[in-house]
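Visitor: Structure incoming, see below.
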């Protein structure tokens, strides 16, 4: 029997519990606005677009804590600080509120949410070019009112712009009144009100499968035992107090299932384990709760099979028959199916396609799927040109945050993708349940050999092991033990204590603590975590520990840091703050090293996406190449452990010390005066051959460079080490960074 290539998209819709158990002002109990804003921009439109293509079936995961918060906004009982100030009469705005507005009402990707709207862009440019203080001193009430309106309008998805009322506001553009802002809020509630019913409608029609997650998105393996962190990282430093409360797992599963059954009128079949985190210990609870399948990441599969998935130059795995199938897990309560997502394809949608032309991005994804199909055919024993077995490619990712970086919130991309898939007879989109029902798993993973890990590197290091993360776990352990010391405080007799516990067990707080991730709301996530813990003690009438009144860490911006996510900067020499916000950063002059204030180079930024490697150098204001700084910049890099020709840098006067006495594989030279660029590759006997390159550079307020991975001809996951060298007419002057190499891995 011939088969198409089956593809299961799983969109994960999640927000942590922003609702404080102890609000300072009862009318503003929601600390952050992201449920409301993503509710008007990301949840409804995603499935409305899909509905236009009835042949295409998909899976959407709705986290219970998200559903409850959406319903609060629908009911008008959720007020966040952004909404409260937006509904305040202009003349009653306080100076504190004006500070808050100027600082936060441009939150979001300005290229897609701000720049397309002239009045919003005008206000943004004033703040960016003249500063917050100027705005506070010069803006009038009309400016504030327009900004309050535009922040809410811009977060309404373009799919709804043909609504007559919304269209009128977009054309109006300015001079918004309090009544306008109140009506915009009511329109937001109307959109949010449609989200759950539309999901149910499409599930009832068979085009959609809706799944759920443990109640407040806890990492179940760590709830069962924080020592599971050592499975992937044996030398991990664990919290001082071991958290072992596996009895909380069935509670989270029961509450999520009850909520699902009430909203959707049926039992859920699939479970998205929070952060795609799994372990042998949690499987019996999941199956006993009645779930049929779960999903995780290819890294977890690799660890479980003791097989690392290698990819070719274009990103296709060499062993497709291992990844693109469901597996069976045996538990004491019956078999459980598990699917593993293709990490790279998921990341392309999540982090890279937003920076590409919509049609090219859609075509690229389909070409990858067609490549997978060809590879699977090549692995068949016969020479059939059709697939003789049913294979399943799982693409699973965050369904809300990525669209902020797409033009028109991803509408052109999704329409282009869905139109092509609807016409492609060789690819069929299915829900996970449709596939496993028709083609039950034939391969088995011994449940005890299932790896304990998550979607991030197959480990739990994003949520435990860092000193601050461990401190948070210790605080949670103390609070959980305090609750256990009150056996009479059950979910029925003291629901507030348990709700606060469930909220504190969520994964999101630990994500932001310590090294690895940062946002403009780090301090608020810290506060919310401690408020949820405080809620446990208050509900039990226990003394509140003094350490819950102090932040877990300082939230001052760390100057030097590793890359925090993919980046997609515009190469224009401007150094846009948002473009490089998640990049790695190394301070050069005026901060450390022998160059100190004498250095015209102040800092170095670096990062990547699936298309390019990016580098940025910031210079002292007024720096003139050839006068204040040598006119040439040379970038040299090599790949540890990878074969190939390597050569000495083609410069005179190199010092005999690391890393200048290293041998390198690739070289980009830049003349900062003429703003020209050349690319070379090492060959035998310390020679260099010129190569064509699509690298780009721009030198204006800073130097920005992008180098396509396609120019380097390296496979994914290869480590790259780079050093920048300043020179004058081919004579060495200095190198940077002084104390380390720039290090990262190709995606």
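The values are calculated or read from the model by the stated rules, or taken from the named source; none is laboratory data. Remember, it's a predicted structure, so these values are computed and weren't measured experimentally. A quick note on method: Cβ atoms are made from the backbone with ideal geometry, for glycine too, and the neighbour counts reach across all protein chains shown.
Visitor: Give me the helices (runs of 4 or more DSSP H) completely within the range 158-268, filtered to those with at least 1 residues that are in contact with a helix residue (DSSP H, G or I) (Cβ under 8 Å, 6 or more places away or on another chain) and within 30 Å of residue 303 (Cα to Cα), ordered by residue number. Lay out the reasoning, then the answer.
Guide: On the way: elements: 164-172, 178-193, 195-204, 220-224, 248-264.
Result: 220-224, 248-264.
Visitor: Right, another one. So which strands (runs of 3 or more DSSP E) stay within the range 668-747 end to end and still have 3 or more residues that are over 28 Å from residue 317 (Cβ atoms)?
Guide: Details: elements: 676-683, 687-690, 696-699, 702-708, 719-728, 731-736, 742-745.
Correct list: 676-683, 687-690, 696-699, 702-708, 719-728, 731-736.
Visitor: Now, a different point. Against the condition outside the structural domain of residue 275 (by TED's automatic domain parsing), at pLDDT below 95, over 30 Å from residue 135 (Cβ atoms) and surrounded by fewer than 23 Cβ atoms within 10 Å (Cβ to Cβ), how does residue 26 come out, does it pass?
Guide: On the way: outside the structural domain of residue 275 (by TED's automatic domain parsing): yes; at pLDDT below 95: yes; over 30 Å from residue 135 (Cβ atoms): yes; surrounded by fewer than 23 Cβ atoms within 10 Å (Cβ to Cβ): yes.
When the stated conditions are applied, residue 26 passes them.
Visitor: If you don't mind, another one. Give the range 484-507 a look and list any residue that's assigned to a helix (DSSP H, G or I) and touching a helix residue (DSSP H, G or I) at 6+ places or on another chain (Cβ under 6 Å), or say none.
Guide: The first filter runs over the range 484-507 and keeps only residues assigned to a helix (DSSP H, G or I), leaving 484, 495-504.
Residues satisfying the conditions are 496, 497, 500, 501, 503, 504.
Visitor: Name the one entry in 568, 555 that is surrounded by 15 or more Cβ atoms within 10 Å (Cβ to Cβ), more than 22 Å from residue 739 (Cα to Cα) and touching a residue at least 60 places away in the same chain (Cβ under 8 Å).
Guide: Working: 555 fails: touching a residue at least 60 places away in the same chain (Cβ under 8 Å).
Only one candidate qualifies: 568.
Visitor: I'd like to verify a number: residues in the range 406-417 that are surrounded by 21 or more Cβ atoms within 10 Å (Cβ to Cβ) and assigned to a helix (DSSP H, G or I), how many?
Guide: Step one: of the range 406-417, the residues surrounded by 21 or more Cβ atoms within 10 Å (Cβ to Cβ) are 406, 409-410, 413-414, 417.
Filter again for assigned to a helix (DSSP H, G or I), leaving 409-410, 413-414, 417.
Residues meeting the conditions: 5.
Visitor: Is it the case that residue 249 is farther than 30 Å from residue 366 by Cα and buried (at least 23 other Cβ atoms within 10 Å of the Cβ)? Break it down stepwise before answering.
Guide: Details: farther than 30 Å from residue 366 by Cα: yes; buried (at least 23 other Cβ atoms within 10 Å of the Cβ): no.
Against the criterion (farther than 30 Å from residue 366 by Cα and buried (at least 23 other Cβ atoms within 10 Å of the Cβ)), residue 249 does not qualify.
Visitor: Identify, please: which residue in the range 422-438 is touching a strand residue (DSSP E or B) at 6+ places or on another chain (Cβ under 6 Å) and part of a helix (DSSP H, G or I) and is, among those, nearest to residue 374 (Cα to Cα)?
Guide: Once the filter is applied, the top-ranked residue is 435.
Visitor: To continue, here is another question. Do you know which residues across the range 335-368 are more than 26 Å from residue 458 (Cβ to Cβ) and not in a helix (DSSP H, G or I)?
Guide: Hits for the range 335-368 are 356, 357.
Visitor: Oh, and also: Please determine, by comparing only the residues of the range 522-541 that are touching a helix residue (DSSP H, G or I) at 6+ places or on another chain (Cβ under 8 Å) and closer than 19 Å to residue 466 by Cβ, which one is modelled with the lowest pLDDT.
Guide: 522
Visitor: Okay, next question. Got a number for residues in the range 42-65 being in a helix (DSSP H, G or I) and under 17 Å from the mean Cα position of the chain (by Cα)?
Guide: Going residue by residue through the range 42-65, those that are in a helix (DSSP H, G or I) are 43-51, 64-65.
Still in the list and also under 17 Å from the mean Cα position of the chain (by Cα): 43.
Residues meeting the conditions: 1.
Visitor: Give me the pairs, please: first residue somewhere in the range 655-667 and over 26 Å from residue 711 (Cα atoms), second residue anywhere and not in a loop (DSSP other than H, G, I, E, B), beta-carbon distance under 9 Å, and either six or more positions apart or on two chains.
Guide: Cβ pairs passing all conditions: 655/732; 655/735.
Visitor: Take the residues in the range 81-127 that are under 23 Å from the mean Cα position of the chain (by Cα) and part of a loop (DSSP other than H, G, I, E, B), then tell me which one is surrounded by the fewest Cβ atoms within 10 Å (Cβ to Cβ).
Guide: 115
Visitor: Please state which one of 679, 699 is surrounded by fewer than 21 Cβ atoms within 10 Å (Cβ to Cβ), in contact with a helix residue (DSSP H, G or I) (Cβ under 7 Å, 6 or more places away or on another chain) and over 30 Å from residue 457 (Cβ atoms). Working first, answer last.
Guide: Working: 699 fails: in contact with a helix residue (DSSP H, G or I) (Cβ under 7 Å, 6 or more places away or on another chain).
The conditions single out 679.
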